[in-house]
Amino acid sequence: MDALELTKRVFWDDPEPFVAGSFADDLSSIKIPPGLVLFATSGSSGEAKWIALSKQSLLVSAAAVNDHLESSAASCWGLALPLYHVGGFGIAARVFAAGCGFAEFGRRWEAPAFAQWLHDHRISHTSLVPAQVHDLVAAGLRAPAPLRAIVVGGGAMDVATGRAARALGWPVLASYGMTEASSQIATQALSSLHDIYQPAPLPLLPIWQAHTTPEQQLRITGPALFAGCLVRDNEHWIYQPRETQWYLTADRALLANGCLTPAGRADAVVKVLGELVDLETIERELAALAGGALAPGMFAVVAVPDARAGYALVPVFDAAVDPALITSVLSSYARHAPGFRRLRPAVILARFPRSPMGKPRRAEIAAALDGS
């Protein structure tokens with residue numbers, strides 16, 4: 001997949017379905033409407049499927065993001081994310097929509113090389129995942145002057161890393177999005193860079209309407225919503241069009257004054273001793289206790305069945321994490337955690353399951369514990 005070709009009109013005018021990634025089966029044998037782009041889901045749990053986005057939806061999203069981030073023909077978007085992920089593919093769409101400059105990092109990720117590349121190409125806008133921002137901060141690198149915005153997606157970035165990044169001049173902006181929404185749903189504005197970094201609340205982009213269920217599960221609707229998806233039917237793939245105007249996401253959120261505060265995945269909430277426990281909240285607490293030293297995607301808290309409590313909470317770490325850091329963080333957590341939020345002893349995995357974007361795959365991690 002040539003990133004530069006995706007920034008040209010010939011691609012966006014082509015009605016043939018396009019796979020953003022590698023699809024092992026014969027796409028021509030599947031009845032798919034014209035003008036769709038397919039993305040493999042990479043969530044922490046659930047059945048594998050492909051989300052189908054219309055090219056029109058991708059361009060609607062691109063225009064909204066460009067407007068929100070003040071990206072124009074004079075800007076230059078830099079691509080350092082994979083094109084098979086909507087966060088990377090969306091950059092190509094924004095370049096086409098704005099008619100602006102474009103450069104692709106196109107090499108193995110290394111923070112110093114990335115910082116130099118930004119400087120050399122005078123990149124004004126880019127997108128990164130939290131682990132990449134963590135690497136820039138850990139290396140003590142300063143942002144080049146032309147850089148105006150870094151959209152941070154693919155997971156929540158801890159406060160310590162966000163504040164350290166801004167102190168080094170990196171214009172990090174927290175965002176919330178998903179493949180089903182063609183990229184971003186809510187993103188901090190450039191004006192927030194004048195304030196101390198906070199991961200939320202996030203202003204909703206004008207193309208989206210949102211509300212929540214009584215259980216705080218988020219529903220969205222808007223012109224950039226996915227068209228349908230490919231799902232497995234025994235040995236075959238079939239295309240299923242989206243049949244409802246509103247999409248019920250797997251995420252929980254708080255909505256107020258046109259802003260969204262992510263509250264974790266609905267499937268990351270379990271009951272322990274009769275009390276609701278949000279696993280992602282505990283993960284954020286551990287990251288905060290580490291003061292930015294615990295790299296994103298290197299740990300997770302999983303729930304395993306327990307005959308007495310309903311579930312037990314197990315912190316699981318990648319083997320690359322410093323054992324002294326694990327001990328320090330868990331000791332600090334144990335001093336204030338109530339009984340129903342206490343953690344079992346840490347488990348270290350030599351092969352820590354994570355998605356291509358660095359997100360821990362919670363279901364696979366739990367399965368690894370069963371086999372350990």
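Worth pointing out:
- Against the conditions (1) in contact with a Ser or Thr (Cβ under 9 Å, 6 or more places away or on another chain); (2) basic (K, R); (3) more than 24 Å from G154 (Cα to Cα), K359 satisfies every one except (3).
- Some residue of the range 291-311 being modelled with pLDDT under 95, outside the structural domain of A80 (by TED's automatic domain parsing) and in contact with a Ser or Thr (Cβ under 7 Å, 6 or more places away or on another chain): yes
- Restricting attention to the range 310-335 and to residues that are of a type in the set (F, W, Y) and surrounded by 18 or more Cβ atoms within 10 Å (Cβ to Cβ), the residue that is nearest to L276 (Cα to Cα) turns out to be Y333.
- Restricting the range 287-317 to residues that are of a type in the set (G, A, S) and assigned to a loop (DSSP other than H, G, I, E, B), the residue that is nearest to A334 (Cα to Cα): A290
- Within the range 64-122, considering residues that are of a type in the set (D, E) and not in a loop (DSSP other than H, G, I, E, B), the one farthest from I207 (Cα to Cα): D120
- Set R362, R342, R354: member being surrounded by fewer than 16 Cβ atoms within 10 Å (Cβ to Cβ) and either modelled with pLDDT of 95 or more or of a type in the set (D, E, K, R) (or both): R342
- The set of residues in the range 196-222 that are assigned to a loop (DSSP other than H, G, I, E, B), of a type outside the set (S, T, Y), closer than 27 Å to R148 by Cα and in contact with a helix residue (DSSP H, G or I) (Cβ under 9 Å, 6 or more places away or on another chain) comprises I196, Q198, P199, L205, P206, I207, W208.
- Residue that is modelled with the lowest pLDDT [pool: residues in the range 51-95 that are of a type in the set (V, I, T) and buried (at least 24 other Cβ atoms within 10 Å of the Cβ)]: V86
- Qualifying residue in the range 176-197 (condition: free of Cβ contacts under 8 Å to residues at least 40 places away in the same chain, under 19 Å from the mean Cα position of the chain (by Cα) and outside the structural domain of E285 (by TED's automatic domain parsing)): yes
- Taking the criterion of being more than 19 Å from the chain's Cα centre (by Cα) and either assigned to a helix (DSSP H, G or I) or closer than 27 Å to A62 by Cβ (or both), the residues of the range 138-162 that qualify are A138, A143, P144, A145, P146, L147, R148.
- Number of the condition not met by R232 [criteria: (1) touching a residue at least 24 places away in the same chain (Cβ under 8 Å); (2) closer than 17 Å to T179 by Cα]: (2)
- Long-range neighbours under 7 Å by Cβ, at least six apart or interchain, first residue assigned to a loop (DSSP other than H, G, I, E, B) within the range 328-357, second of a type in the set (V, I, T) and at pLDDT 95 or above: R344/V314; A346/I326
- Of the strands (runs of 3 or more DSSP E) that lie entirely inside the range 225-283, those containing 2 or more residues that are within 25 Å of M157 (Cβ to Cβ) and in contact with a strand residue (DSSP E or B) (Cβ under 9 Å, 6 or more places away or on another chain) span 247-256, 259-265, 269-272, 275-278.
- Among the candidates P15, P82, P33, P112, residue that is more than 15 Å from S182 (Cβ to Cβ), touching a Pro at 6+ places or on another chain (Cβ under 6 Å) and not assigned by TED's automatic domain parsing to the domain that holds P353: P15
- Residues that are surrounded by fewer than 22 Cβ atoms within 10 Å (Cβ to Cβ) and touching a residue at least 24 places away in the same chain (Cβ under 8 Å), drawn from the range 162-172: R163, A164, R166, L168, G169, P171
The values are calculated or read from the model by the stated rules, or taken from the named source; none is laboratory data. Small disclaimer: the values here were computed from a predicted structure and weren't measured. Every residue, glycine among them, receives a Cβ derived from its backbone with ideal geometry; neighbour counts consider all protein chains shown.
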